[in-house]
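J.: The structure is given below, and queries will be raised subsequently.
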Amino acid sequence: MLFRLLIVLLITLSTSHLWAKPFLLVSLPDEKHIAVFEINSRTGQLTHVRNHETESDPGPMSVSQDGEVLFLSLRNAGGLASFAIDHQTGELKHLSTINVDQDPAYHWQDYSGNWLITAYYHTGRVSVHGVDGQGRLNSKASFFGETALNAHGVAATRDNRFVYIPHTGPNLIVQFGFNDQTGQLTTLENGSLISAEKTGPRHLATHPTKPWLYGDYEQGNKAVFYEIRPDGLLNTKQVISSVPDDWPNGKGATARMTLSEDGRFVYVANRGHNSIATFRITPRTGELSTVGIYATEPNPRSFAISPSGKWLYAGGQDSGKIAVFKRNRRTGVLTRIDTIDTGQRPWWLQIID
């Protein structure tokens, strides 16, 4: 009997994430593959283990809510693909590819795990596609609607009731009600939040516990704090620079932004200034204060924070290199410890674990 229990335990452990390794995936559109690096959890060092060939130029990636499926944009081909993740090897098994609009710029699986919401940069549209229990995408969209040109991100409230789509061209965030039973998006009354000229809302991220939303202004080199009202509409509470005061106004542009998993820090990539800006979130008010601005490789389009929170990886689109940073989880401070080659034009960095 004891022997049987031991066998069951070993099988359970072998198929669980307890033995999983973290991997960094890097989209290399010019080379039509994803570079896969194993992350040393102790030192943060990266080891290249393979290249995963893709059917077209790979772009943005995202991971399902349960961590089992990778979603990938095939930018010029106008496709979305899904892959099962092997957590021990970092290998990707193709599950599905569907045809959508050209240049799906960002996608995110809703909190129910039933839908993939995608923003399209060139066509100014947003789609909602069903995802089955194996991670396959439904080729028929449950929703496909026009918003405005340069749709560039997706975020939602933690209760799954409201969705926000930022647009870098018309300085606009479209605010939707979301029905996670049907996959339908409905524009809220007074649901167009327009910011000043030459701001360009690009990415958004929801705080894990508070009714707060954070974003960046692409053309304005700014981080932004929004309060989420009970009706789902946003109030802009704070705009703060992501570059030093002496940086020329209007030069460069922000790119990726995200929150740390604990909801204590915001990170924004500055293209042109070639840096990552770090902001501390004030626990009581949600307002941001600058921690520091840290030099990266040229043109840091994308970056990712390791699952442990100890490491940050920033891709240099112009250099074909990744800057590796040690991250202080208590203060948010970044210390650069390494630089590695990736291949041409690292477009998107995504961690799987």
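The values are calculated or read from the model by the stated rules, or taken from the named source; none is laboratory data. Small disclaimer: the values here were computed from a predicted structure and weren't measured. Reconstructed Cβ throughout: ideal geometry from the backbone, glycine too, with neighbour counts over all protein chains shown. Side chains are part of the model used for accessible areas, which takes the heavy atoms of the whole protein and leaves out ligands, DNA and RNA. Shrake-Rupley method; radii C 1.70, N 1.55, O 1.52, S 1.80 Å.
J.: Within segment 250-270, is there a residue that is farther than 16 Å from residue 327 by Cβ, without any contact (Cβ under 8 Å) to a residue 12 or more places away in the chain and out of contact with any strand residue (DSSP E or B) (no Cβ under 9 Å at 6 or more places or on another chain)?
T.: no
J.: With respect to residue 349, is the statement that it is open to solvent by less than 10 Å² (accessible area, probe 1.4 Å), closer than 25 Å to residue 282 by Cβ, touching a strand residue (DSSP E or B) at 6+ places or on another chain (Cβ under 8 Å) and in contact (Cβ under 8 Å) with a residue 24 or more places away in the chain true?
T.: no
J.: Could you grab me the full set of residues in segment 313-346 that are aromatic (Phe, Trp, Tyr) and without any contact (Cβ under 8 Å) to a residue 24 or more places away in the chain?
T.: none
Rundown of residues vs (1) in contact with a helix residue (DSSP H, G or I) (Cβ under 7 Å, 6 or more places away or on another chain); (2) more than 26 Å from residue 273 (Cβ to Cβ); (3) free of Cβ contacts under 8 Å to residues at least 24 places away in the same chain, yes/no style:
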| site | (1), (2), (3) |
| --- | --- |
| 155 | no, no, no |
| 167 | no, no, no |
| 181 | no, yes, yes |
| 197 | no, no, no |
| 200 | no, no, no |
| 218 | no, no, no |
| 221 | no, no, no |
| 228 | no, yes, no |
| 235 | no, yes, yes |
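J.: Go through (1) modelled with pLDDT of 95 or more; (2) open to solvent by 50 Å² or more (accessible area, probe 1.4 Å); (3) part of a loop (DSSP other than H, G, I, E, B); (4) over 24 Å from residue 156 (Cβ atoms) and name the single condition residue 283 misses.
T.: (4)
J.: What number of residues within segment 161-192 satisfy the criterion of being open to solvent by 10 Å² or more (accessible area, probe 1.4 Å), assigned to a loop (DSSP other than H, G, I, E, B) and touching a strand residue (DSSP E or B) at 6+ places or on another chain (Cβ under 7 Å)?
T.: Result for segment 161-192: 3.
J.: Looking at 51, 76, can you tell me which residue is at pLDDT below 95 and under 22 Å from residue 301 (Cα atoms)?
T.: 76 is the lone residue from the list that is at pLDDT below 95 and under 22 Å from residue 301 (Cα atoms).
J.: Scan segment 66-81 for residues that are loosely packed, with under 15 Cβ neighbours inside 10 Å and not acidic (Asp, Glu) and report the count.
T.: 2
J.: Looking at this structure, is residue 301 under 17 Å from residue 24 (Cα atoms), outside any strand (DSSP E or B) and among the basic types (Lys, Arg)?
T.: In short, yes.
J.: For segment 90-112, which residues satisfy the criterion of being under 14 Å from residue 36 (Cβ atoms) and open to solvent by 50 Å² or more (accessible area, probe 1.4 Å)?
T.: Selection gives 91, 93.
J.: Tell me, yes or no, whether segment 77-84 has at least one residue that is under 25 Å from residue 33 (Cβ atoms) and assigned to a loop (DSSP other than H, G, I, E, B).
T.: Yes: segment 77-84 contains one or more residues that are under 25 Å from residue 33 (Cβ atoms) and assigned to a loop (DSSP other than H, G, I, E, B).
J.: Hey, another quick one. Just to be sure, is residue 85 in contact with a Pro (Cβ under 6 Å, 6 or more places away or on another chain), farther than 19 Å from residue 126 by Cβ and among the hydrophobic types (A, V, I, L, M, F, W, C)?
T.: Considered against the rule, which asks whether it is in contact with a Pro (Cβ under 6 Å, 6 or more places away or on another chain), farther than 19 Å from residue 126 by Cβ and among the hydrophobic types (A, V, I, L, M, F, W, C), residue 85 comes out as no.
J.: Quick check on segment 305-336: of everything there that is among the β-branched types (Val, Ile, Thr) and either part of a strand (DSSP E or B) or within 15 Å of the chain's Cα centre (by Cα) (or both), which residue is surrounded by the fewest Cβ atoms within 10 Å (Cβ to Cβ)?
T.: 335
J.: Any idea which residue in segment 206-227 is nearest to the chain's Cα centre (by Cα), counting only those that are surrounded by fewer than 22 Cβ atoms within 10 Å (Cβ to Cβ) and outside any loop (DSSP other than H, G, I, E, B)?
T.: 206
J.: Condition first: open to solvent by 10 Å² or more (accessible area, probe 1.4 Å) and closer than 15 Å to residue 294 by Cβ. Now tell me which residues in segment 259-271 satisfy that.
T.: If the condition is that a residue be open to solvent by 10 Å² or more (accessible area, probe 1.4 Å) and closer than 15 Å to residue 294 by Cβ, then 271 is the only one that fits.
J.: Shifting gears a bit: Kindly indicate whether residue 339 is modelled with pLDDT of 95 or more, of a type outside the set (Lys, Arg) and either within 23 Å of residue 92 (Cα to Cα) or assigned to a strand (DSSP E or B) (or both).
T.: yes
J.: Taking residue 84 as meeting all but one of (1) among the small types (Gly, Ala, Ser); (2) crowded, with 22+ Cβ neighbours inside 10 Å; (3) under 30 Å from residue 159 (Cβ atoms), write down the number of the exception.
T.: (2)
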